[in-house]
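*Asks:* Before I ask anything, here is the structure I am working with.
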Amino acid sequence: MPDLMLLALLLAAIAIGWWLGRREQGRSEPRTHHANRLSRDYFVGLNYLLNEQPDQAIETFVQALEVNSDTIDTHIALGNLFRLRGEADRAVKIHQNLLARPALTALQSGQVQIELSRDFLHLGLLDRAERLLESLSRESIDEEQLNAAKRLLVDLYEREREWQKALDVALPQLVRQDDDTRRAAAHWLCELAEGDMRSASPALARKRLRHALNIDARCVRANWLLAELERDTANYKSQIRLLQRLAEQDRDFIPIVLEPLRDAYLKLEDEKGLERCLHRWLESAPHISTVIMLAQRIEHREGIDAAAAFVSEQLAVNPSLRGVDYLMNLYLVDAQPDQRQHFSLLKQHTGKLLEARPRFRCHRCGFSGGQLHWQCPRCRSWGTTKPITGLEGE
């Protein structure tokens, strides 16, 4: 059993024990049979807990604990334990039973509704969660509960890809409070801008992307999309400027901008400008993609031997499997028949290794794959996936 669940159960047991003790201290008459049963049930539940039998422990605590103003928090905690165990339907029953109690204060009612919303989200009942959370976000009297409701509502809208609704809830307060929400809000604007681009509304897309950069100046995706807009209007100088700005925002993204950068420079017939930019980037971030693109320019101008010498020199400083694979391509061009066979065999092995390796990895949860996801499919974090660097990466 996860340590977190054991700790939560132990805390619940302590709370129940405290309540039972307090209850008995307040009695002036001798103990009744009912009180004895409550105490007995508590120790039975505690025994289950100590013997790592959480199912029986939770059931015993729920049955032993009557609902009143002193036990609301403990019932909420027990309901949350059911949800943590993957039994959100049972958590719903506990939380709905609490809501039916007329003695709840407004603060307690809000707390129960937030937990019930979490139950519904866990079960995929998004419409029911949305109704609860929208009501709480309008009527909550407690700032902490209001923020919790808004965060859950933002999470729900994000799941439904309702980007504008998520922005309406998050701006401005949640964006100011939390770095993750600020980064996410910039990406929601990028999602909306991509829709504008598909519907041929470039002016609105630009407006949204500038807004994204105002929210999060480090949003590389916003500059990436702005560069695409400039490319579509053949404004290649502006495209190059935006791609260079993107590289300054985050050097790890240089590999994905190299091809559009090269194409833009070639459209302007400025090969020298391209090489100057590549050399500058290579000094600050020695990605193998930059090395290969420079080697291609050297091969075009000076020949294969010069390109191979350049790649060999770079690999001596920063080893790379992809660099070795490219170097063998160069050697194969002028190789003798007996050498060609050996190089071809080695290249087969490096090719298989390169095909098997992922190209991108989420820096938060470690999810990796061959495609760049602006939102990680596993942990759902925005802007945390980048090209992999190192011997088998960039």
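The values are calculated or read from the model by the stated rules, or taken from the named source; none is laboratory data. Bear in mind that the values here come from a model prediction, so they are computed numbers and not experimental data. Cβ coordinates were reconstructed from backbone atoms using ideal geometry, including for glycine residues, and neighbour counts include every protein chain displayed.
*Asks:* Picking from R138, R151, R159, which residue would you name as being closer than 21 Å to E194 by Cβ and not small (G, A, S)? Spell out the reasoning first.
*Replies:* Details: R138 fails: closer than 21 Å to E194 by Cβ; R151 fails: closer than 21 Å to E194 by Cβ.
The unique qualifying residue is R159.
*Asks:* Only one residue in N223, N214, N235 is out of contact with any strand residue (DSSP E or B) (no Cβ under 8 Å at 6 or more places or on another chain), crowded, with 19+ Cβ neighbours inside 10 Å, modelled with pLDDT of 95 or more and of a type in the set (S, T, N, Q). Which one? If you could, list the steps in order and put the result at the bottom.
*Replies:* On the way: N214 fails: crowded, with 19+ Cβ neighbours inside 10 Å; N235 fails: crowded, with 19+ Cβ neighbours inside 10 Å.
Answer to the check: N223.
*Asks:* A further question on this structure: I'd like to verify a number: residues in segment 296-329 that are closer than 20 Å to E259 by Cβ and of a type outside the set (K, R), how many? Let's see the steps before the verdict.
*Replies:* Within segment 296-329, the first condition is being closer than 20 Å to E259 by Cβ, and the residues that meet it are 296-301, 307, 310-311, 314, 320, 322-323, 325-326, 329.
Retained after the next criterion (residues that are of a type outside the set (K, R)): 296, 298-300, 307, 310-311, 314, 320, 323, 325-326, 329.
Final tally of qualifying residues: 13.
Conditions (1) buried (at least 19 other Cβ atoms within 10 Å of the Cβ); (2) of a type in the set (V, I, T); (3) modelled with pLDDT of 80 or more; (4) assigned to a loop (DSSP other than H, G, I, E, B), marked per residue:
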| position | (1), (2), (3), (4) |
| --- | --- |
| F43 | no, no, no, no |
| V67 | no, yes, no, yes |
| T74 | yes, yes, no, no |
| L104 | no, no, no, yes |
| D119 | yes, no, yes, no |
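*Asks:* Being surrounded by fewer than 22 Cβ atoms within 10 Å (Cβ to Cβ), touching a helix residue (DSSP H, G or I) at 6+ places or on another chain (Cβ under 7 Å) and at pLDDT 85 or above is the requirement here; does E144 meet it? Working first, answer last.
*Replies:* Values: surrounded by fewer than 22 Cβ atoms within 10 Å (Cβ to Cβ): yes; touching a helix residue (DSSP H, G or I) at 6+ places or on another chain (Cβ under 7 Å): no; at pLDDT 85 or above: yes.
No, not satisfied.
*Asks:* OK, next. So, of the residues in segment 191-207 that are more than 25 Å from the chain's Cα centre (by Cα) and of a type in the set (A, V, I, L, M, F, W, C), which turns out to be nearest to K165 (Cα to Cα)?
*Replies:* L204
*Asks:* Look through segment 277-298, keep the residues that are outside any helix (DSSP H, G or I) and in contact with a helix residue (DSSP H, G or I) (Cβ under 6 Å, 6 or more places away or on another chain), and return whichever of them is surrounded by the most Cβ atoms within 10 Å (Cβ to Cβ).
*Replies:* Checking each candidate, the answer is H287.
*Asks:* Pick from segment 241-269 the residues that are under 28 Å from S312 (Cβ atoms) and among the acidic types (D, E): which of them is surrounded by the most Cβ atoms within 10 Å (Cβ to Cβ)?
*Replies:* Among residues in segment 241-269 that are under 28 Å from S312 (Cβ atoms) and among the acidic types (D, E), the one surrounded by the most Cβ atoms within 10 Å (Cβ to Cβ) is D252.
*Asks:* While we're on this one: When you scan segment 371-383, how many residues do you find that are touching a Phe, Trp or Tyr at 6+ places or on another chain (Cβ under 9 Å) and closer than 18 Å to R221 by Cα? Show your work before the answer.
*Replies:* Here is the first cut: in segment 371-383, the residues touching a Phe, Trp or Tyr at 6+ places or on another chain (Cβ under 9 Å) are 371-379, 382-383.
After this cut, where a residue has to be closer than 18 Å to R221 by Cα as well, the list is 371-377, 382-383.
Number of matching residues: 9.
*Asks:* I've got another one for you. Suppose we keep only residues that are of a type in the set (A, V, I, L, M) and assigned to a helix (DSSP H, G or I) within segment 81-102. Which one would you say is surrounded by the fewest Cβ atoms within 10 Å (Cβ to Cβ)?
*Replies:* As a first pass, look at segment 81-102 and keep what is of a type in the set (A, V, I, L, M): 81, 84, 88, 91-92, 94, 98-100.
Of the ones still in play, those that are also assigned to a helix (DSSP H, G or I) are 81, 84, 88, 91-92, 94, 98-99.
On the way: L81: 23, L84: 16, A88: 21, A91: 26, V92: 21, I94: 24, L98: 22, L99: 14.
Residue satisfying both the conditions and the ranking: L99.
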